[in-house]
Amino acid sequence: MKARTKFVAGGLLVLGTAGYLMASSINETGQYYLTPTELASKLSDTPRFRNNGVKVGARVVAGTIVRDPAGRSLAFKMTDGSKTYDVAYRGITPDTFTDGVDVVVEGRLDANGTFQATTLLAKCASRYENAPDKYKQTPGYQGAPNPRA
């Protein structure tokens, strides 16, 4: 067997093993979240699902955020456009958490139909913009100044 053939066979074996490990780790660690409509469907199929831990992805309904002034708890409504749930959360809220932002909450749905969230993640909006640059407003702007100059 030639050295080149051994090298190609070894390379294919290494790439195949790496590909298999990546694919299997994605399947093991990937976590899916439900929409409020999917959660309602699961609850109607299996009422015992109510007290199970679950992740739900939805959008915060504008104007529904109520913060407790005495602590770190808040309440809001989340929706996917068809189904809406009340959410109660106690903890530190992300900086990007505002009205209309997409969120992923992890917790349990209680007997009253309120989602008791233990984790609150606000999805990163794509509306980030550069801060206004004071140099861009000066006549003859040629680009940002060199900080090393």
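Every number in this text was worked out from the coordinates using simple rules, so none of it is lab data. Predicted model, so just to flag it, every value in this text is computed and none were measured. Note that each Cβ is placed from the backbone with ideal geometry, even for glycine, and that neighbours are counted across all protein chains shown.
Full extension of the chain between residue 52 and residue 83 yields a length gain of 9.2 nm, computed as 0.36 nm times the residue separation minus the alpha carbon distance.
Computed over the stretch 36-122, relative contact order equals 30 percent, with contacts defined as Cα pairs under 8 Å that lie 6+ residues apart. The largest-to-smallest principal axis extents of the Cα set in the stretch 36-122 are 37, 24, 18 Å. Annotation: extensible slack from residue 44 through residue 18 equals 5.2 nm (criterion: 0.36 nm per residue apart, minus Cα-Cα distance). For the stretch 58-128, chymotrypsin sites (Phe, Trp or Tyr not before Pro) meeting the loop criterion (DSSP other than H, G, I, E, B) and having at most 11 other Cβ atoms within 10 Å: 128. Applying 1/(1 + (r/R0)^6) with R0 = 25 Å to the Cβ-Cβ distance of residue 25 and residue 119 gives a FRET efficiency near 0.70.
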